[in-house]
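Report on the structure given below.
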Amino acid sequence: MLIQASACFGMLYRLDLTKAAMELLSALIERQEPGGEVNALRPKDRKYRTYYLHPYVASYASQEDLEEAIEDAAERIEAGELPDITAPVYETAPPKRQSQPLRAVRAAG
């Protein structure tokens with residue numbers, strides 16, 4: 001079982017991601033190896049393309065690995081080597097997107 005730093009997941013709603021972006025992020029999170037490595041198959045040459053999830057989102061094999069990765073990430077963020085995950089801060093959560101049912105409209109002319 002992998003362990004995840006869950007603090008970042010509580011901020012995802014503030015990023016206002018599209019449904020497609022959220023689904024892609026979910027797929028990457030689900031396919032990751034410990035430490036956040038994700039291998040995605042490329043159809044043309046049948047080689048893997050490797051992606052790495054931010055340490056604040058990645059999963060780890062143990063609590064010790066998680067703590068070490070979070071400490072390392074904080075140091076790398078402070079040194080400017082790794083971007084911080086930022087999201088707007090709201091007094092209250094923004095309203096949820098409301099799906100509008102399709103309706104007929106008259107054509108012009």
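The values are calculated or read from the model by the stated rules, or taken from the named source; none is laboratory data. As the structure is a computational prediction, the values presented were derived from the model and not from experiment.
With the structure loaded, tell me whether residue 15 is at pLDDT 85 or above, aliphatic (A, V, I, L, M) and under 12 Å from the mean Cα position of the chain (by Cα) or whether it fails that test. Criteria not met by residue 15.
Within the stretch 64-109, if we keep just the residues that are at pLDDT 90 or above and part of a loop (DSSP other than H, G, I, E, B), the residue that is nearest to residue 36 (Cα to Cα) turns out to be 82.
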